[in-house]
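Here is the structure we will look at, set down as structure tokens.
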Number of protein chains: 4
Amino acid sequence: MSKTTMTNESILTAAAKDNVAANKKTLLSKEVKHLDITDINFVPLVDAMRDTAFQGRNLGRAADIYHQMLDDSECAIILCLAGSLISAGLKKIVVDLINHNMVDAIVSTGANIVDQDFFEALGFKHYQGSPWLNDDQLQKLAIDRIYDTLIDEDALRICDHTVCEIADSLAHRAYSSREFIQAMGKFLSEKHAKAESIVLSAYQKNVPIFVPAFSDCSAGFGLVMHQVKNPHKHVSIDSVKDFRELTQLKIKNKETGLFMIGGGVPKNFAQDIVVAAELLGEEAPLHKYAIQITVADERDGALSGSTLREACSWGKVSMVHEQMVFCEATIAMPLIAGYAYNKGAWKKRQARQLSRFFIDNE
Amino acid sequence: MSKTTMTNESILTAAAKDNVAANKKTLLSKEVKHLDITDINFVPLVDAMRDTAFQGRNLGRAADIYHQMLDDSECAIILCLAGSLISAGLKKIVVDLINHNMVDAIVSTGANIVDQDFFEALGFKHYQGSPWLNDDQLQKLAIDRIYDTLIDEDALRICDHTVCEIADSLAHRAYSSREFIQAMGKFLSEKHAKAESIVLSAYQKNVPIFVPAFSDCSAGFGLVMHQVKNPHKHVSIDSVKDFRELTQLKIKNKETGLFMIGGGVPKNFAQDIVVAAELLGEEAPLHKYAIQITVADERDGALSGSTLREACSWGKVSMVHEQMVFCEATIAMPLIAGYAYNKGAWKKRQARQLSRFFIDNE
Amino acid sequence: MSKTTMTNESILTAAAKDNVAANKKTLLSKEVKHLDITDINFVPLVDAMRDTAFQGRNLGRAADIYHQMLDDSECAIILCLAGSLISAGLKKIVVDLINHNMVDAIVSTGANIVDQDFFEALGFKHYQGSPWLNDDQLQKLAIDRIYDTLIDEDALRICDHTVCEIADSLAHRAYSSREFIQAMGKFLSEKHAKAESIVLSAYQKNVPIFVPAFSDCSAGFGLVMHQVKNPHKHVSIDSVKDFRELTQLKIKNKETGLFMIGGGVPKNFAQDIVVAAELLGEEAPLHKYAIQITVADERDGALSGSTLREACSWGKVSMVHEQMVFCEATIAMPLIAGYAYNKGAWKKRQARQLSRFFIDNE
Amino acid sequence: MSKTTMTNESILTAAAKDNVAANKKTLLSKEVKHLDITDINFVPLVDAMRDTAFQGRNLGRAADIYHQMLDDSECAIILCLAGSLISAGLKKIVVDLINHNMVDAIVSTGANIVDQDFFEALGFKHYQGSPWLNDDQLQKLAIDRIYDTLIDEDALRICDHTVCEIADSLAHRAYSSREFIQAMGKFLSEKHAKAESIVLSAYQKNVPIFVPAFSDCSAGFGLVMHQVKNPHKHVSIDSVKDFRELTQLKIKNKETGLFMIGGGVPKNFAQDIVVAAELLGEEAPLHKYAIQITVADERDGALSGSTLREACSWGKVSMVHEQMVFCEATIAMPLIAGYAYNKGAWKKRQARQLSRFFIDNE
């Protein structure tokens, strides 16, 4: 193991002398592998952590609250994804949550859904690198870095163009990101039906995916190309429609729970639907359950680290079943998701197939 | 001073017994005041910090880089705003940057622009509170909390409705957030012409403001109400158009510099335009200058804390003039903006009036 | 589970009205339980994490490096403990590391060893509380709080006095903290032989424990009482002797590895012995292996978050087998220690019994 | 300015080819300069920050509380120093606080007092470097790195030996760190009387300095050499005596305030004296004022980031005048110290000369 720790750096140091193409191939040689929670028994560990203190106890409580959400037949569950989670090997966890009816809707940043999940569904990979690599040299090799993870920039460009092609194939009107991602799922089901993919599984299981800042990722590149090619009539992404649709889901499913990885736009967007429903004159209870994994803290006043108690003052989240866990996602998410998977409340849980709601209403 | 430190908490404890309306009034009694950099001499302090170490030195360097951007007649400057900056008393700084030609375009989260700046322009205020208040009781009083700052929720609802009214008054088509915010600026210039406001000043100075996740704020509430009222034909916000427009600005202004407060969507969005321009077949150099104030760090792999060196590997930011400052914005932003203001490079800088570019092209 | 989440807070709110003694008993009713790594299989999880990214990968690498230390028959292992680890339920892990020859010397803050481990060995407990309790009321109840954990202050005072009694029973001379802690271990072996205790196990297994800031804890209270009672001749704690002794261990055991939980004095002290050995004219290689679990980061220039690479510039730590893990200890320590325990390299590892070195040299 | 940003890295890259001695000289060429608060007007900025939010407001409150301490004629002020503050250019601030009667006792880590302040008093310097330097190459050049700051290791060794010489010159008995540092001050007053130095100024102004983990620094190296040379009779550092002495000061000065930079041993040690005094049967009120500058947060349960409210549960700190500021010290300390200096309460404050208390009692 330890021998490989420094390999990438040595390669890069050598890059000056050697053939660039060869270097790129060597740097992009060790794949990130997606962690599989279905094969590991998390219950004894997480149960034990819950009787310790600090973040171990918080993690135990959060896992327990997620289990309660799944066990509550009234509760629809919204998974919020921010941060580079898919490139980091957490894709299979989300796919398993979808396939085992452990999540009913997803709100995410674009990078997770398009640049990373859809990208991998097209056959591309993420590679293990190091945070100490020389970024200037990486740029010359057309390798993009996310902390310790490497991406072939040429492959990313293919991803951008695929989004453009999908847009080209659609009727020229305003779409919610959910609708467009559904089209991406349909594309995968036709062209890459065996891919392990969030977009594909969500398409098959009728789990809607919302990306409220949809242009802020590879999809943006593809869609800008599409619009420039079609200046007068084209696909547009109406972010208001996203908000309207997610609010409709809240109105339809009174009881809701949030499982949030990271903060950012997905956290705010999913919390806001309680207020939006109320503004539309509908009765909408606070999110009954809410857990968040984050390394942000509250002291800068920004949303990502704001406490779930603060969200109660806004009339968004109930204080009864809320828990924040201060831990990086690659460690905490497997433990929490794996615990709830092992506990098995999903076995008697119905698939809500919330995407059908929109299909039926179209 | 110290006597007031605990006041709000005492009031809230008393809230159970007393008249709720009276309590709300007392809790919302001490306004947040906007810091004025134009009256303070920052140069000796920041110059001295630059010869110390750690974040003092980083802050000194970042201030110097911002000064260089202003001094570089080729360079267009994009200000990125994430976090609750305006409610925190940093509004006047941004207004001064606009009015003194120290910023040419703004990319922001919606909260800063709509819930906080536009909200204050309508005559509402933010109030000094405490992070220790009881959120359950605040909810009952319809007071929203941002860490230590309090907001009258009833006033926020008026803000939502005002956005709805503006949407009602517009032609029913797809808008970029920039276009919609311009309409908000026009509204203010007609109805609240004396407000101290980013939206208003940017309107007057032709500084375009982009909010890539425009539904993720009070604007979203207003626009959802508008669309529900007008289900078939309505205003929509096309986030692709935002990306296209900002990319056009990059193509038009080869040399660019980024002054980023916080991370999130604004940081990513503004960095991405270099790649987008390239994808459109246009020559677009890396952002020549880039500084970021943030408390996030790189170890969770998320964008907000990712180093500007990492952004170099993506072909977005040059490594020559980049500096991150690990400090909360209410402390670092006044020092950096104030230093550059004092140094006075803006005095000979031309207003770029980038909004005119779109007006002319419409 | 969730029902208990809020219990302590409700109790405290009620405290104003009720009988104080009853409240104290209720608040101090749910014990922190010590996590047992010997019953859980950590290998599949940690192996899988190592192929993900960010801190999951770092944790996997750190666990692997700890396994390598144990597998390297030349390497003596120093465990460094900072932060409130024992009150947080991590005691049994350390006891198991000692009992299974997985650690050869310990450097710790005083709180872990005296206020928490020795305290529990006397029969006292730590209790699950909440970070939201009212500290003013806790003070009145003589309950001390560590984030979410509660301590009976009256029990702590008994701990202080026990230290005083041990000092009273010793010859009046200068001791290293190691010597004094050995006396504490002897005391436990005579009076509390069945306690689950780091101090007791280390005494029995001849694992020396160093607390370089020994007065900075309950031991300080006990020893100050002892010295005030015996103003002219008394036990003193010579911190130089500590440093001298630990340096002697480095000289005796050329190859060394560090397993550091938290930073602070233990991290610095254990790293410094390489330099101290060199100053005494002895050949002493860099620490061959070093891992650290911490939530601190490098950007404030303080030692706790300084990278292990920085320690290489000081000639203290080799860069070949080093890994920092950004994670709170209650989550990361069980995973790393449990992984190495499961892997079983300790089964063929000899007990070094380093305390005997000093006994023989006395 | 920007031209120098990358200089050191370029030099180091070149180090492989060039003459090592020349490289070392070039790397150690740009000195860290000590920030001078006496020449800058901080009042308008800090007063304005206090009416903003988040850490700006917290900083304003902390500055105000420090001003109150100085204005309270009953209050003795203890300054706690943790982290690498002196190497970072904050030395002159501490010297000014001492010289203007703004601090009555100091509790510090050893690095600040010995490796950095005493080291500079001997004529050595700290140099501006970069966090991106290659630590392996630095080690070969005998250059030690603290984040972005560089030290000549050969000079540090002279500092170690000077401590050894001072120990050799003293009577062979147990000393508190305070006593030993006083001897260091005497040494400076004789040999380096013109140095700008905390140790020297504190000696001259009778401000006692306590370093509770005195071996954990360059002093430890010097004293170990001294003890090895004098195995039977030698200087020892009794950490209990430190605690006893600081407790005596608390008993003598009922009202106390804490100005804490960083956490660690100094924070805990200074807080503990309230309890220690009580254990000795003396009446000792809680610390009346307490402020702390830190980047640590409370969620890992460790002392450094624990809230001052938590310290109230322990009966150490009053909750009435306490404020934590989440900011790195090189930015926050100049603002807080400078504000209090400008406000001028020190002008009518008497020097307490607490060192005389021990001299008189010897």
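The values are calculated or read from the model by the stated rules, or taken from the named source; none is laboratory data. If you're wondering where the values come from, they're calculated on a predicted model, not measured in any experiment. Because the Cβ atoms are built from the backbone with ideal geometry, glycine has one as well, and the counts that use them run over all protein chains shown.
Below is a table of values for the structure above.
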read-out: Conditions (1) out of contact with any Ser or Thr (no Cβ under 7 Å at 6 or more places or on another chain); (2) in contact (Cβ under 8 Å) with a residue 40 or more places away in the chain: number failed by residue B:344; value: (2)
read-out: Residue within the range B:328-335 that is at the interface with another protein chain (Cβ under 7 Å from one of its Cβ atoms), over 20 Å from the mean Cα position of the chain (by Cα) and polar (S, T, N, Q) present; value: no
read-out: Count - residues of the range C:188-202 that are surrounded by fewer than 21 Cβ atoms within 10 Å (Cβ to Cβ) and closer than 26 Å to residue D:236 by Cα; value: 0
read-out: Options D:35, D:28: the member that is under 30 Å from residue C:304 (Cβ atoms) and under 16 Å from the mean Cα position of the chain (by Cα); value: D:35
read-out: Within the range C:68-93, tally of residues that are of a type outside the set (A, V, I, L, M), more than 18 Å from the chain's Cα centre (by Cα) and either over 25 Å from residue C:284 (Cα atoms) or crowded, with 24+ Cβ neighbours inside 10 Å (or both); value: 0
read-out: Among the residues listed as D:255, D:245, the single one being surrounded by fewer than 22 Cβ atoms within 10 Å (Cβ to Cβ) and under 30 Å from residue D:307 (Cα atoms); value: D:255
read-out: Residue among D:56, D:89 that is closer than 28 Å to residue D:146 by Cβ and free of Cβ contacts under 8 Å to residues at least 60 places away in the same chain; value: D:56
read-out: Meets criteria (within 13 Å of chain C (Cβ to nearest Cβ) and without any contact (Cβ under 8 Å) to a residue 12 or more places away in the chain) for residue D:144; value: no
read-out: Within the range D:28-46, tally of residues that are touching a residue at least 24 places away in the same chain (Cβ under 8 Å) and closer than 30 Å to residue B:93 by Cα; value: 12
read-out: Given (1) more than 16 Å from residue A:293 (Cα to Cα); (2) facing chain C (nearest Cβ under 8 Å), index of the condition residue A:28 fails; value: (2)
read-out: Residue in the range D:307-326 that is farther than 27 Å from residue C:143 by Cβ and surrounded by 24 or more Cβ atoms within 10 Å (Cβ to Cβ) present; value: yes
read-out: In the range B:293-305, residue farthest from the other protein chains (Cβ to nearest Cβ) [restricted to those that are touching a residue at least 40 places away in the same chain (Cβ under 8 Å) and closer than 25 Å to residue B:249 by Cβ]; value: B:293
read-out: First in the range A:208-228 and more than 7 Å from chain B (Cβ to nearest Cβ) and farther than 10 Å from residue A:167 by Cα, second anywhere and part of a helix (DSSP H, G or I) and of a type in the set (Lys, Arg), Cβ under 6 Å, 6 or more apart; value: A:208/A:178; A:210/A:178
read-out: Residues being assigned to a loop (DSSP other than H, G, I, E, B), farther than 20 Å from residue A:111 by Cα and out of contact with any Lys or Arg (no Cβ under 9 Å at 6 or more places or on another chain) - total across the range A:189-208; value: 2
read-out: Of all residues in the range B:65-86 being among the hydroxyl-bearing types (Ser, Thr, Tyr) and assigned to a loop (DSSP other than H, G, I, E, B), the one that is nearest to residue B:110 (Cα to Cα); value: B:84
read-out: Check on residue C:167, more than 18 Å from residue C:86 (Cα to Cα), among the small types (Gly, Ala, Ser) and either part of a loop (DSSP other than H, G, I, E, B) or touching a His at 6+ places or on another chain (Cβ under 7 Å) (or both); value: yes
read-out: In the range B:307-323, residue farthest from residue C:53 (Cα to Cα) [restricted to those that are of a type in the set (Gly, Ala, Ser) and touching a residue at least 40 places away in the same chain (Cβ under 8 Å)]; value: B:315
read-out: Test: residue in the range C:265-275 that is among the charged types (D, E, K, R), under 16 Å from the mean Cα position of the chain (by Cα) and surrounded by 24 or more Cβ atoms within 10 Å (Cβ to Cβ); value: yes
read-out: Residue match in the range D:352-361 (condition: within 18 Å of residue D:68 (Cβ to Cβ), modelled with pLDDT of 95 or more and either outside any helix (DSSP H, G or I) or more than 14 Å from chain B (Cβ to nearest Cβ) (or both)); value: yes
read-out: Enumeration of residues in the range D:143-160 that are of a type in the set (Lys, Arg) and outside any strand (DSSP E or B); value: D:157
read-out: Count - residues of the range B:112-138 that are part of a loop (DSSP other than H, G, I, E, B) and not charged (D, E, K, R); value: 10
read-out: Residues (over 17 Å from residue C:221 (Cβ atoms), of a type outside the set (A, V, I, L, M, F, W, C) and facing another protein chain (nearest Cβ under 9 Å)) located in the range D:229-265; value: D:234, D:236, D:262, D:263, D:264
read-out: Some residue of the range D:60-77 being under 20 Å from residue B:53 (Cβ atoms) and within 8 Å of another protein chain (Cβ to nearest Cβ); value: no
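Yes/no per residue for (1) at pLDDT below 95; (2) of a type in the set (A, V, I, L, M); (3) crowded, with 20+ Cβ neighbours inside 10 Å:
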{"position": "D:175", "(1), (2), (3)": "no, no, yes"}
{"position": "D:183", "(1), (2), (3)": "no, yes, no"}
{"position": "D:186", "(1), (2), (3)": "no, no, no"}
{"position": "D:204", "(1), (2), (3)": "no, no, no"}
{"position": "D:221", "(1), (2), (3)": "no, no, yes"}
{"position": "D:224", "(1), (2), (3)": "no, yes, yes"}
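Here is a yes/no grid of residues against (1) of a type in the set (Asp, Glu); (2) away from chain C (no Cβ under 11 Å):
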{"position": "D:110", "(1), (2)": "no, no"}
{"position": "D:115", "(1), (2)": "yes, no"}
{"position": "D:122", "(1), (2)": "no, yes"}
{"position": "D:153", "(1), (2)": "yes, no"}
{"position": "D:166", "(1), (2)": "no, yes"}
{"position": "D:169", "(1), (2)": "no, yes"}
{"position": "D:174", "(1), (2)": "no, no"}
